[in-house]
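Here the structure comes first, spelled out in structure tokens, and everything after it is commentary.
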Amino acid sequence: MSAPPGLFAQHLAQLPPPVVGDLDAALARPSLAALPTLLDPAALPRLEELATRARATTLQRFGRAVRLFAPLYVSNACLSSCTYCGYSKGLDVARRTLTVDEVEAEARTLVDRGFRHLLLVAGEHRLEVSADYLVACLERLRPLVPSLSVETQTWSDDTYARLVAAGLEGVVHYQETYDRARYAETHLAGWKRDYDRRLTSTERAAEAGVRRLGIGALLGLSADWRADVRAVAEHAVWLQNRYWRTEVTVSLPRIKASASGFQPLVPVSDREYVQALAALRLVAPEAGIVLSTREPAALRDGLVRIAVTTMSAGSSTEPGGYSDPGGAQEQFAVSDERSPAEVAAMLEHAGYEPVWKDAFPLHVL
Amino acid sequence: MGDSTDPLHVAGRALTSRLLVGTGKFAGHAVMRDALLASGAEVVTVALRRVDLDRAGEGDVLDFVPPGMVLLPNTSGAVDADEAVRLARLGRAATGTPLVKLEVTPDPRTLAPDPIETLRAAERLVAEGFDVLPYCSADPVLCRHLEEAGCATVMPLGAWIGSNRGLRTRDAIEVIVAQAGVPVVVDAGLGVPSDAAEAMEVGADAVLVNTAIAVAADPVRMARAFALATEAGRLGHLAGRGAVRDRAEASSPLTGFLS
């Protein structure tokens, strides 16, 4: 049985159609209502101006500092079928779920490389990556790692509360696309097929006391990437207003071809990508913007100066890929292959402080 | 920098500089250290959530705090009294100082201080022997409560933190200054040196500045500018301004001969 539409789904359904208006007015007073204007192709010739405004907003709010984190893939086992994903059920790829000991080994490798913020990532397999398994991972890692987040399947309210009690700080659930029809076309079976269960999960996680929520969309999954950027911005500000104690970060990864044979529906050019992130910064000035190693080094280096506040570095998207690589399929190929130290050096050279630790370990408090 | 004949007494310490500084948002630790030195400040606040004792001596933020500066650990990131108290204890264990800048900010967007939880935490920390410097709303009654709770200072905000908007709370600060029996440190929102001068002229005992220095194009020069402005504002306050009048008044009145 499908979940009923949640509160944000109702908000999204009532949103007026996008109106492209006067660009000068939109730049002078950026707002959610002005976002379609900032995202319009007609704004591209003034991208430098948009980027300049976004940079000033980012600097004032976040300073000359960029938080660093690493994804720790714990499993690529999956019971959901998603057309774009290298972990999709039924694909003939090497599967692996790390034992809790192996998860600890990966975490120790990452801590040695400097990371104090880790994101545990898994496919959707509620037997192999159960709530009990995640609790065991969190309890094992929390003496080592000040900030732990998860990017897994969605959970029940009770489970989010259990994970928080075990030391979880953040939850990342990308909606992938907010377009219901396209969502149905790309999420064919499994737990993730239920659009509304997916979308309400951030609300339930916030209710359960998760301190950091990550949301996002895969640009290129839907033909109308501007609509997805708008939905993400609306979602971020809506969450900030409703769950005012919760820190919200957003991410807009551009989808890549994967082991599933998927090809992006529409290419989002580099200029359009910068436009999307700069516009997002202006209309959601307090939202952290996360950029992964899916994007190439030169683009990441440029976006740090404009809108990005959190980056991964030296990432492996293969379970076991840091301490014992080669045994399992990666989710996607990274583009920025620099080491964490090299990314940190780039940030320092660009006039930014790489922030490795920006949390206190909740368990010792 | 500062006036040794006009010390600021905070928690048993006599400070000559009335500018306190922070360590967040800088482009790097080296420029932060240079700006701290240029500020002439004696007290520097550090977010405990940024301190990584596992990296001590290997580039942690504390390695770049100039020796001799008084460290003021802060509880930035704490969302309620309970977290702030436990974080303060961690800070005291790690740094050995009983000083704590109490920050309780449950709303990550505004980072507005929570008056209720701040007061609760202050009461508990004072009872545990901390010297508590609470970041708080510019609320005269709250400042009374914090003083009665035994805080070493009150630290009302000048404007939203990080906003660089200046002394937006001037009317409230004037009341707080007039009534306070502990030093009043205007914290947050001061954007340019003249904002610091204004706060000091109004009668604040000190100011705390971070973002305005850290994100300036030249943080070292801006730190020096804030130091000068803070001292100028203090001198201006001590000198006592003349009355403000609606219209011009001659310096040599025509009827002066009558007196």
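Looking across segment A:303-319, the residues that are part of a loop (DSSP other than H, G, I, E, B) and farther than 27 Å from A:Glu102 by Cβ come down to A:Arg305, A:Ile306, A:Ala307, A:Val308, A:Thr309.
Residues are listed down the side, and each one gets a yes or a no for (1) closer than 22 Å to B:Thr105 by Cα; (2) in a loop (DSSP other than H, G, I, E, B); (3) within 12 Å of chain A (Cβ to nearest Cβ):
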| site | (1), (2), (3) |
| --- | --- |
| B:Leu20 | yes, no, no |
| B:Gly24 | yes, yes, yes |
| B:Ala30 | no, no, yes |
| B:Ala38 | no, no, no |
| B:Thr45 | yes, no, no |
| B:Arg49 | yes, no, yes |
| B:Asp54 | no, no, yes |
| B:Gly57 | no, yes, no |
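Of all residues assigned to segment A:189-206, none qualifies as being more than 16 Å from A:Ser2 (Cα to Cα) and surrounded by fewer than 19 Cβ atoms within 10 Å (Cβ to Cβ). Cβ-Cβ contacts under 6 Å between residues 6 or more apart (or on different chains), taken from a first residue in segment A:57-76 that is within 11 Å of chain B (Cβ to nearest Cβ) to a second residue that is assigned to a helix (DSSP H, G or I) and basic (Lys, Arg), are listed as A:Thr58/A:Arg281.
Just need a number here: residues in segment A:308-337 that are closer than 23 Å to A:Leu252 by Cα and either within 14 Å of chain B (Cβ to nearest Cβ) or of a type in the set (D, E, K, R) (or both). Result for segment A:308-337: 6. Just the residues that are within 12 Å of chain A (Cβ to nearest Cβ) and among the aliphatic types (A, V, I, L, M), please, taken from segment B:82-103. The answer is B:Ala84, B:Val85, B:Leu87, B:Ala88, B:Leu90, B:Ala93, B:Ala94. Of the residues B:Gly59, B:Gly40, B:Gly68, B:Gly77, which is farther than 26 Å from B:Ala199 by Cα and in contact with a Ser or Thr (Cβ under 9 Å, 6 or more places away or on another chain)? Answer to the check: B:Gly77.
Screening the candidates A:Thr186, A:Thr152 for the property of being more than 14 Å from every other protein chain (Cβ to nearest Cβ), within 22 Å of A:Glu207 (Cβ to Cβ), of a type in the set (S, T, N, Q) and buried (at least 22 other Cβ atoms within 10 Å of the Cβ) yields one hit, A:Thr152. The residues of segment A:320-334 that are surrounded by fewer than 16 Cβ atoms within 10 Å (Cβ to Cβ) and either outside any loop (DSSP other than H, G, I, E, B) or touching a residue at least 12 places away in the same chain (Cβ under 8 Å) (or both), listed by number, are A:Gly327, A:Ala333.
Search segment A:335-365 for residues being at pLDDT below 85 and aliphatic (A, V, I, L, M), and hand back the single one that is surrounded by the most Cβ atoms within 10 Å (Cβ to Cβ). Per the criteria, the residue is A:Leu362.
Table: residues versus (1) buried (at least 21 other Cβ atoms within 10 Å of the Cβ); (2) within 14 Å of another protein chain (Cβ to nearest Cβ); (3) not in a strand (DSSP E or B).
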{"residue": "A:His235", "(1), (2), (3)": "yes, no, yes"}
{"residue": "A:Leu239", "(1), (2), (3)": "yes, yes, yes"}
{"residue": "A:Lys256", "(1), (2), (3)": "no, no, yes"}
{"residue": "A:Pro267", "(1), (2), (3)": "no, no, yes"}
{"residue": "A:Leu280", "(1), (2), (3)": "yes, no, yes"}
{"residue": "A:Ile289", "(1), (2), (3)": "yes, no, no"}
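Filtering segment B:59-79 to residues that are under 21 Å from the mean Cα position of the chain (by Cα), on the phi < 0 side of the Ramachandran plot and facing another protein chain (nearest Cβ under 10 Å) leaves B:Val61, B:Thr75, B:Ser76, B:Ala78, B:Val79. Could you check, for segment B:221-237, whether at least one of its residues is in contact with a helix residue (DSSP H, G or I) (Cβ under 8 Å, 6 or more places away or on another chain), of a type outside the set (Val, Ile, Thr) and within 14 Å of another protein chain (Cβ to nearest Cβ)? Yes.
Restricted to segment A:113-129, and to residues there that are aliphatic (A, V, I, L, M) and farther than 19 Å from A:Leu291 by Cα, the residue that is farthest from the other protein chains (Cβ to nearest Cβ) is A:Leu127.
Rundown of residues vs (1) of a type in the set (S, T, N, Q); (2) within 12 Å of chain B (Cβ to nearest Cβ); (3) surrounded by fewer than 21 Cβ atoms within 10 Å (Cβ to Cβ); (4) closer than 19 Å to A:Ala181 by Cα, yes/no style:
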position: A:Gly209; (1), (2), (3), (4): no, yes, yes, no
position: A:Leu213; (1), (2), (3), (4): no, yes, no, no
position: A:Asp224; (1), (2), (3), (4): no, no, yes, yes
position: A:Arg245; (1), (2), (3), (4): no, yes, yes, no
position: A:Leu252; (1), (2), (3), (4): no, no, no, no
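One residue stands out in segment A:338-354 among those that are in a loop (DSSP other than H, G, I, E, B) and within 9 Å of chain B (Cβ to nearest Cβ): the one that is nearest to A:Pro296 (Cα to Cα), namely A:Ala350. Taking the conditions (1) farther than 16 Å from A:Gly63 by Cβ; (2) of a type outside the set (D, E, K, R); (3) in a strand (DSSP E or B) in turn, B:Val79 satisfies each one other than (3). Only one entry of B:Val46, B:Val51 meets the criterion of being touching a residue at least 40 places away in the same chain (Cβ under 8 Å) and over 22 Å from B:Ala138 (Cβ atoms), and that entry is B:Val51. Can you spot a residue in segment B:85-99 that is charged (D, E, K, R), over 30 Å from A:Thr58 (Cα atoms) and free of Cβ contacts under 8 Å to residues at least 12 places away in the same chain? Yes: segment B:85-99 contains one or more residues that are charged (D, E, K, R), over 30 Å from A:Thr58 (Cα atoms) and free of Cβ contacts under 8 Å to residues at least 12 places away in the same chain. Taking the criterion of being assigned to a helix (DSSP H, G or I), free of Cβ contacts under 8 Å to residues at least 60 places away in the same chain, hydrophobic (A, V, I, L, M, F, W, C) and farther than 19 Å from A:Val171 by Cα, the only residue of segment A:195-233 that qualifies is A:Trp225.
When segment B:80-97 is filtered for residues that are within 21 Å of the chain's Cα centre (by Cα) and either under 16 Å from A:Ser147 (Cβ atoms) or among the hydroxyl-bearing types (Ser, Thr, Tyr) (or both), the ones remaining, listed by number, are B:Leu87, B:Thr95, B:Thr97.
When A:Glu318 is tested against (1) more than 23 Å from A:Arg108 (Cα to Cα); (2) of a type in the set (D, E, K, R); (3) at pLDDT below 90, only condition (1) is not met.
Just one of (1) within 14 Å of chain B (Cβ to nearest Cβ); (2) more than 30 Å from A:Ser81 (Cα to Cα); (3) modelled with pLDDT of 90 or more; (4) in contact with a Lys or Arg (Cβ under 8 Å, 6 or more places away or on another chain) fails for A:Val304. It is (4).
The values are calculated or read from the model by the stated rules, or taken from the named source; none is laboratory data. For clarity, every value in this text was computed on a predicted model and none was experimentally measured. Using ideal geometry, Cβ is built from the backbone for each residue, glycine included, and neighbour counts are taken over all protein chains shown.
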